[in-house]
Amino acid sequence: MIIRSVDDVNDTDRDVKHGNWRSRRMILAKEGVGFSFHETVLYAGTETTMWYANHVELVHCIEGEAELTNEETGEKHTITPGTLYLLDGHEKHTLRIKEDFRVLCVFNPPVTGREVHDENGVYPLIIEEPESESTPVS
């Protein structure tokens, strides 16, 4: 069993900060559960284009507002609390953040926490063997 709070992750190597966003990686590939789980905040007034060519991502909004544009079709969607989107077709997309946008994200395959977006917004696929035992962070 793993018990971990956001406070446990703050300012550790699991707390990834970028100019447009901050992502706290609560569960990573090394936990060996088949997915990774992140709490991410994208900041108001920013725009970020991403393309998870190697991962499926589910994003569930719990706070804020953003406009999501599917760069392949041009479709636009307003994402607000209680709305989720699933990038099951590896869609290249852009988020325009209206107000700080806090989301819960699940990635499959799981990320290691070391990935960075390349010039196309893609995370590389890094395979990591799980740790032999899960230990709680307390």
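Residue by residue through region 35-60, note down the ones that are in a loop (DSSP other than H, G, I, E, B) and at pLDDT below 95. Across region 35-60, the qualifying residues are Trp51, Tyr52, Ala53, Asn54, His55. For Val106, are the conditions met, namely being surrounded by 17 or more Cβ atoms within 10 Å (Cβ to Cβ), touching a residue at least 24 places away in the same chain (Cβ under 8 Å) and assigned to a loop (DSSP other than H, G, I, E, B)? Criteria not met by Val106. When every residue of region 55-77 is checked against the conditions, none turns out to be closer than 14 Å to Tyr123 by Cβ, hydrophobic (A, V, I, L, M, F, W, C) and out of contact with any Leu (no Cβ under 8 Å at 6 or more places or on another chain). I need a count of the residues in region 72-103 that are among the charged types (D, E, K, R) and assigned to a strand (DSSP E or B). The total comes to 6.
Filter region 67-99 down to the residues that are surrounded by 14 or more Cβ atoms within 10 Å (Cβ to Cβ) and at positive phi and list them by number. Within region 67-99, His90 is the sole residue that qualifies. Gly64 meets all of the listed conditions (1) on the phi > 0 side of the Ramachandran plot; (2) free of Cβ contacts under 8 Å to residues at least 12 places away in the same chain; (3) assigned to a strand (DSSP E or B) but one, namely (2). When region 17-34 is limited to residues that are buried (at least 17 other Cβ atoms within 10 Å of the Cβ) and of a type in the set (A, V, I, L, M, F, W, C), the one that is nearest to Arg96 (Cα to Cα) turns out to be Trp21. Taking region 1-16 as the range and being in a strand (DSSP E or B) and either at pLDDT 95 or above or over 18 Å from Arg114 (Cβ atoms) (or both) as the test, only Asp15 passes.
Only residues that are over 15 Å from Glu39 (Cα atoms) and either aromatic (Phe, Trp, Tyr) or in contact (Cβ under 8 Å) with a residue 40 or more places away in the chain (or both) were counted in region 86-103, giving 9. Scanning region 106-122 for residues that are under 18 Å from Arg22 (Cα atoms) and at pLDDT below 75 gives Arg114, Glu115, Val116, His117, Asp118, Gly121, Val122.
The values are calculated or read from the model by the stated rules, or taken from the named source; none is laboratory data. Not measured: the values here are computed from a predicted model. In this analysis, Cβ positions are derived from the backbone assuming ideal geometry, glycine residues included, and neighbour counts consider all displayed protein chains.
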